[in-house]
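Undergrad: Okay, here's the structure, questions in a sec.
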Amino acid sequence: MQHATGMTRIANGKLIDGTGASSVSDAVVLIENGRISYAGPAKGAPPADPAAEQIDALGGTILPGLVEAHYHPTYFNVAALEDLDIKYPVEYVSLLAAANARLALECGYTAARSGGCLFNIDVWLKKAIEEDVAPGPRLATSGREICGVGGLMDWNPDYRKIGMEGLVLLINGPDEGRAAVRTLVKDGVEWVKTYPTGDAAAPDTNDHHTLCMTQEEMNAVVVTAHNHKMKVTGHCRATEGIKNALRAGYDTLEHGTFMDDEALEMLLARDTPVIPALQFEHASVTKGPEIGMPQAVIDGHQETLEGGVESALKILKAGGRLGMGGDYGFAWNPHGTYAKELSFFVEHVGFSVVDTIKCATKTGAEIMGRAEEFGTLEAGKLADVLVVDADLEENITALEDAENFIAVVQGGFVKSGRLAQHQSAIRGVVQ
Ligand SMILES: [Zn+2]
C-alpha cells in the first residue's frame, strides 16, 4: 500500500489516541510521509511546514482508524445458512467482497481481521488492497473454516450431494484436522478459523452449549497451524469449548460467551484476546421476530447476549483484552453498520468511550500482530486516522454515520470522508 509524502496537520479537535489514555481537548496530529510525527496537545506541538495540508477537525474528535476484529468480507446479506455457501459462485462473491471492503474503509475501518471466508477470496482481496487496486482496510486473512463433521457448519444435508467446499473443511479426528490446516497453508491464509462449539442459530443439534470439535482435533489444528506460522481462532460459546480452545493454545477466541471463573483465569493467564461480537446478538433478538426467526433461535440469542455481556464485563474489569468486531454481513446485521458494535458496548454494556475505542484500535492491531505499525496515534506509527465532526465522548453513535467523517486517513492519504474528493491513493477507482 502506498503512503503519502509531505506533511499534514490535523488540528482543532479532541484527541483519543487509542492507548486508553484520557482524551486531550485541544490537540494537534502531525503526519509526515505517511506516518504520525506528533499527536498531543496543541500547546507544545512542533511547528508545521507552512505548505502542510491542513485538516480542521471542527471541534470534533481525532482517533486512530478503527479495526474490525471479526470481519467477513465474503458474507453478504445472509438470511439463511444456504446463503453462506451455495447462493452465488465464487466470481460474484469476490466482487461483493471488494464492495464490502470499500464500504468498511468508508465507515472508518482502516484495518480488519477476517473471521473466516468463502473459497480463498480474502487472500486475493488483501493483495488487491495492498497493491492499491481496490480500496479497503489493511487485512488479516482467513480462509475456509474448519468444523467437525456433524457440527454447526455441517448443515448441508447429504441428499443435496453438494458438500460444503466453498466455506468449510469438515474433519473427523486429528489427522483430518492436520490435513485441513495444510490445505489452508497452501492457500496462503494467516488465520485458521474453527468451530469448537455450536450456536443459538442451530438449537436442535448444535446449540450454544454443544461442542463441535474434540480437544484432540483442536490440538492438532493448533500445532500444525503454529508450525506454519499461522494463527488459530474459534467460534467459542460453550464454557467447555472455551477451555478446550485455551488449552489447545488458540491465539484469539471469537465470542467467549459463557465464561466461568476457571475459564476467565485460564484466559487471563494466557492474555488471549476475545472478540465478543455482541451487536450481532442484540440485532438477532431485536430484529429476529420481523424476519421470521424461530422463537427457539431468538431465545438462544437472548441467552447468548446476556452471557456475552457478563463475560465481556468480567474480562474488562480483570484487565483482559477485548477486540471490537461483529459478524456483519447478515440480513439483520448488514455491512456498513460496523460501528454499532462500539455504540452497543458504551450504551448497553457500560464501557467508557475511551476503553471502547482502545478495544477497537490498539487491541485490534494487537490481534492482527501489527501493533507496532498502527492502532494508536503515537509518533512513528502509520497515519491511519479518523477525524469525526462530533465529540465522541458525548456521542459515540456519531461513528455509525459516515456523513460525520471529515477524513478517513490511511497511510497519510485522505481516502474517504468529506475531504476525500481532493486526494486519493486508489488507482483505477477515483482517478
Ligand atoms: Zn463470524
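Undergrad: So which of Ala140, Ala104 is touching a His at 6+ places or on another chain (Cβ under 8 Å) and either assigned by TED's automatic domain parsing to the domain that holds Tyr195 or among the acidic types (Asp, Glu) (or both)? Steps first, answer last, please.
TA: Working: Ala140 fails: touching a His at 6+ places or on another chain (Cβ under 8 Å).
Ala104 is the lone residue from the list that is touching a His at 6+ places or on another chain (Cβ under 8 Å) and either assigned by TED's automatic domain parsing to the domain that holds Tyr195 or among the acidic types (Asp, Glu) (or both).
Undergrad: Within segment 243-275, can you find the residues that are touching a Leu at 6+ places or on another chain (Cβ under 8 Å) and assigned to a helix (DSSP H, G or I)? Spell out how you get there, then give the answer.
TA: Residues of segment 243-275 touching a Leu at 6+ places or on another chain (Cβ under 8 Å): 244-246, 253, 256, 259, 263, 266-267, 270, 272-275.
Passing the criteria: Asn244, Ala245, Leu246, Ala263, Met266, Leu267, Arg270.
Undergrad: Could you grab the pairs with beta carbons closer than 6 Å, sequence gap of 6+ or different chains, first residue in segment 357-373 and farther than 12 Å from Pro64 by Cα and free of Cβ contacts under 8 Å to residues at least 24 places away in the same chain, second one among the aromatic types (Phe, Trp, Tyr) and surrounded by 24 or more Cβ atoms within 10 Å (Cβ to Cβ)?
TA: If the second residue must be among the aromatic types (Phe, Trp, Tyr) and surrounded by 24 or more Cβ atoms within 10 Å (Cβ to Cβ), no pairs are left.
Undergrad: Search segment 75-124 for residues being modelled with pLDDT under 95 and β-branched (Val, Ile, Thr), and hand back the single one that is nearest to the ligand (Cβ to nearest atom).
TA: Checking each candidate, the answer is Val78.
Undergrad: Still on this model: Only residues that are of a type in the set (Val, Ile, Thr) and either closer than 14 Å to Leu267 by Cβ or not assigned by TED's automatic domain parsing to the domain that holds Leu264 (or both): list them for segment 302-316, please. Let's see the steps before the verdict.
TA: Pass one, segment 302-316, residues of a type in the set (Val, Ile, Thr): 304, 309, 315.
Ile315 - this is the single residue of segment 302-316 that is of a type in the set (Val, Ile, Thr) and either closer than 14 Å to Leu267 by Cβ or not assigned by TED's automatic domain parsing to the domain that holds Leu264 (or both).
Undergrad: Could you pull out the residue among Gly173, Gly234, Gly166, Gly198 that is surrounded by fewer than 23 Cβ atoms within 10 Å (Cβ to Cβ) and under 19 Å from Tyr75 (Cβ atoms)? Break it down into steps so the answer makes sense when it comes.
TA: Numbers: Gly173 fails: under 19 Å from Tyr75 (Cβ atoms); Gly234 fails: surrounded by fewer than 23 Cβ atoms within 10 Å (Cβ to Cβ); Gly198 fails: surrounded by fewer than 23 Cβ atoms within 10 Å (Cβ to Cβ).
Among Gly173, Gly234, Gly166, Gly198, only Gly166 is surrounded by fewer than 23 Cβ atoms within 10 Å (Cβ to Cβ) and under 19 Å from Tyr75 (Cβ atoms).
Undergrad: Any idea which of Gly326, Gly336 is part of a loop (DSSP other than H, G, I, E, B) and in contact with a Cys (Cβ under 9 Å, 6 or more places away or on another chain)?
TA: Details: Gly326 fails: in contact with a Cys (Cβ under 9 Å, 6 or more places away or on another chain).
After ruling out the rest, the residue left standing is Gly336.
Undergrad: Looking at segment 254-263, which of the residues that are more than 16 Å from the ligand (Cβ to nearest atom) and in contact with a helix residue (DSSP H, G or I) (Cβ under 6 Å, 6 or more places away or on another chain) is farthest from Lys231 (Cα to Cα)? Give the derivation first.
TA: First, the residues of segment 254-263 that are more than 16 Å from the ligand (Cβ to nearest atom): 258-263.
Still in the list and also in contact with a helix residue (DSSP H, G or I) (Cβ under 6 Å, 6 or more places away or on another chain): 258-260, 263.
Details: Phe258: 23, Met259: 22, Asp260: 25, Ala263: 20 Å.
That would be Asp260.
Undergrad: Could I ask something else about it? Hey, any hits in segment 403-421 for a residue that's crowded, with 16+ Cβ neighbours inside 10 Å and at pLDDT below 95? So that I can check it myself, show each step before the final result.
TA: Quick first cut of segment 403-421, residues crowded, with 16+ Cβ neighbours inside 10 Å only: 404-420.
With at pLDDT below 95 added as a condition, the list becomes 420.
Scanning segment 403-421, I find at least one residue that is crowded, with 16+ Cβ neighbours inside 10 Å and at pLDDT below 95, so the answer is yes.
Undergrad: Related question: Would you check if Pro50 is within 16 Å of the ligand (Cβ to nearest atom) and either within 30 Å of Trp124 (Cβ to Cβ) or not aliphatic (A, V, I, L, M) (or both)? Lay out the reasoning, then the answer.
TA: Values: within 16 Å of the ligand (Cβ to nearest atom): no; either within 30 Å of Trp124 (Cβ to Cβ) or not aliphatic (A, V, I, L, M) (or both): yes.
No; evaluated as a whole, the condition is false for this residue.
The values are calculated or read from the model by the stated rules, or taken from the named source; none is laboratory data. Computed from a prediction, not measured in an experiment: that's the story for all the values here. In this analysis, Cβ positions are derived from the backbone assuming ideal geometry, glycine residues included, and neighbour counts consider all displayed protein chains.
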